[in-house]
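Presented below is the structure to which this report refers.
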Amino acid sequence: MKKMKAVLLTEPGKLSFIEREIPQIQDNEVLVKILHVGICGSDLHYYEHGRIGDFVVTKPIILGHEAAGVIEKIGKKVKSLKEGDLVAIEPGIPCGKCFYCKTGRYNLCPDMKFLATPPYDGAFVEYLAYPEDMCFKIPTDMDTIEGALIEPLSVGFHATNQANAQIGESAVILGAGTIGLMTLMVLLAKGLREIYISDIVDLRLEKAKEIGAKEVFNVTKYDIVDEIKKFTNGEGVDIVFETAGSEVTIKQTVNLVKPGGRIISVGMSPNPKIEYDFGKLQAKEAVINTVFRYRNIYPFAIKAVSEKMIDVKKIVTDTFGFSEIPDAFKYNLKNKYKTVKIVIDMNK
Ligand SMILES: [Zn+2]
Ligand SMILES: [Zn+2]
């Protein structure tokens, strides 16, 4: 059996290079040589704390779920892909049989196998055996860095779908991390222009401005609620996207939305039980929609990047090689205020 290299999280803060057998493919699967993998906030959480919310690492795990690569081999029944195709890998494999899967909401499947979510290993490996229908071919005018970033872009896509965002509407995005910036790019592509964004990190706000936010606010210096009132004649905005996942920003959403508006909860708070002003929410007849990952987005997100409507690479601040993955994690943790997205070049 041929061996491959992989990177294993053996305990919080410790990543080790190991050898595994190159996986055998089933008839409906392809063997993907992984070329690029993004480091996600969730990978960092598992690395630092060994958990996120109810997902707890109880045994060593391979991290990484934002991945793209090249097809090395195809299973007997595979029809849509061939050797040499570049693919973006959608990291969740749903069961396909349950009520949620059958009604198209497979992100809610209770039997979802999601890469780098305990107990399932992720993509910091040389090769991955993966179902054909969860690998999405990327066109020749795109590369696998963009392919890997289709994953966080899909979260932003899903968030704007959950908001039913319409051309000409106004929006606030709380948090200018990867998901906040992805949401910003999708909103701009959908024709919204009055988009305000807040964060505590200047570098991220500079990115947001460069991408096309109307106004950016560093909330260590400005009160976002006051500022939005000023810019909207005291009314608030049509849509509020909460992507920071902090107690403070979650509570603020109701003060930022205008009557009849929508609040989209995207960020995951470390403490999920939060005091919230439902009285005010009702008086405004505003709605809250939530976002859990995404569904049926990959083909559209790929098209948006390929057709130059969205330049996902703008959020990449650093790249590291495969052999530097442990350094990349250390660097990312230490320099949270200097990085947005780190991408691993798995060939280096
Ligand atoms: Zn991610
Ligand atoms: Zn299912």
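The values are calculated or read from the model by the stated rules, or taken from the named source; none is laboratory data. Predicted, not measured: the structure shown is a model, and the values here were computed from it. As a convention, Cβ positions derive from the backbone with ideal geometry for all residues, glycine included, and neighbour counts pool all protein chains shown. Calculation scope for accessible area: heavy atoms of the full protein, side chains included, ligands and nucleic acids excluded. Shrake-Rupley method; radii C 1.70, N 1.55, O 1.52, S 1.80 Å.
For the pair Asn289/Ile274, report the inter-label distance in nm, with labels modelled 7 Å from Cα in the Cβ direction.
1.8
Given that compact globular proteins tend to follow 2.2 N^0.38 Å, what is the ratio of the alpha-carbon Rg of region 6-55 to that value? Walk me through the numbers on the way to the answer.
Values: Rg = 14.0 Å, N = 50, 2.2 N^0.38 = 9.7 Å.
The reported ratio for this selection is 1.44.
Give me the distance between the Cα centres of region 129-168 and region 1-54, rounded to whole Å.
21
Considering only protein heavy atoms, what per residue accessible area in square angstrom results for the chain with a 1.4 angstrom probe?
Values: 16000 Å² over 348 residues.
For the chain, the per-residue accessible area is 46 Å².
Once the convex hull of the alpha carbons of region 232-334 is built, what does its volume come to per residue, in cubic angstrom?
Details: hull volume 18.8 nm³, N = 103.
Convex hull volume per residue, Cα atoms: 183 Å³.
With only Lys, Arg, Asp and Glu charged, each at its Cβ (+1 for the first two, -1 for the last two), find how big the charge dipole of region 203-266 is about the Cα centre; round to the nearest 20 debye. Before the final figure, lay out the partial values.
Working: 10 positive and 10 negative charges, 13 e Å.
Magnitude of the dipole: close to 60 debye.
Using only the Cα atoms, work out Rg/Rh for the chain, with Rh taken as the Kirkwood radius, to two decimals. Please report the intermediate quantities before stating the final value.
Details: Rg = 20.2 Å, Rh = 20.8 Å.
Dividing the radius of gyration by the Kirkwood radius yields 0.97.
Please determine, in degrees from 0 to 90 and to the nearest 10, the orientation of helix 247-256 with respect to the longest principal axis defined by the Cα atoms of the chain, where the helix direction is its Cα long axis.
Between the helix axis and the principal axis of the chain, the angle is about 50 degrees.
Let me have the relative contact order for region 12-122, percent, based on Cα pairs under 8 Å that are six or more residues apart.
Working: 180 pairs, mean separation 29.6, N = 111.
In percent, rounded to a whole number, it is 27.
At R0 = 25 Å, how high is the FRET efficiency between Thr10 and Phe55 if r is their beta carbon distance? Nearest 0.05 is fine.
On the way: r = 18 Å, r/R0 = 0.71.
The value I calculate is 0.90.
Checking the a/c ratio against 1.5 first, then a/b against b/c, what shape does the Cα gyration tensor give for region 41-80? Kindly include the intermediate steps, with their values, before the conclusion.
Values: a/c = 3.44, a/b = 2.72, b/c = 1.27.
Prolate, because a/c is 1.5 or more and a/b exceeds b/c.
So which residue, out of Gly175, Gly260, Gly212, gets the largest mean-square fluctuation from a GNM of the chain using Cα contacts under 10 Å as springs?
Gly260
Sticking with the crude label model, points 7 Å out along Cα→Cβ, report the distance from Asn335 to Lys314 in nm, one decimal please.
2.2
Quick query: amide H of Val257 versus all other amide H atoms, modeled in the peptide plane; which residues come in under 5 Å with a sequence gap of 5 or more or a different chain?
The answer is Val237.
What fraction, in whole percent, of alpha-carbon pairs in region 309-348 exceed 10 Å separation? Walk me through the numbers before you get to the answer.
Working: 539 of 780 pairs.
Here the long-distance tail beyond 10 Å is 69 percent of all Cα pairs in region 309-348.
In whole percent, and with a 1.4 Å probe on the protein chains, what portion of the accessible area of the chain is carbon and sulfur?
Carbon and sulfur atoms account for 51 percent of the accessible area of the chain.
Please work out the Kirkwood hydrodynamic radius for region 1-130, using every pair of different C-alpha atoms, and report it in angstroms with one decimal place. Present the calculation step by step, with values, prior to reporting the outcome.
Numbers: mean 1/r = 0.0643 Å⁻¹.
About 15.6 Å for region 1-130.
Please give the Cα centre distance for region 296-345 versus region 221-265, rounded to the nearest Å.
28
Going through the cross-link list Lys230/Lys303; Lys3/Lys59; Lys113/Lys207; Lys137/Lys314; Lys97/Lys207, which pairs have a Cα-Cα distance over 31 Å in this structure?
Numbers: Lys230/Lys303 37 Å; Lys3/Lys59 22 Å; Lys113/Lys207 33 Å; Lys137/Lys314 22 Å; Lys97/Lys207 42 Å.
In this structure, Lys230/Lys303; Lys113/Lys207; Lys97/Lys207 lie more than 31 Å apart at Cα.
Using a 10 angstrom Cβ neighbour count of at most 16 plus a DSSP loop assignment to flag exposed chymotrypsin sites (Phe, Trp or Tyr not before Pro), which longest range of the chain is free of such sites?
Values: sites that count: Tyr120, Tyr222, Tyr276, Phe292, Tyr337.
Longest gap between qualifying sites, sites excluded: 1-119.
Placing +1 on the Cβ of each Lys and Arg and -1 on the Cβ of each Asp and Glu in region 196-270, which of Val216, Gly234, Tyr196 has its Cα farthest towards the positive end of the resulting dipole?
Of Val216, Gly234, Tyr196, it is Gly234.
Put +1 on the Cβ of every Lys and Arg and -1 on every Asp and Glu Cβ in the chain; which of Ala68, Phe136, Asn161 then has its Cα farthest towards the positive end of the dipole?
Phe136
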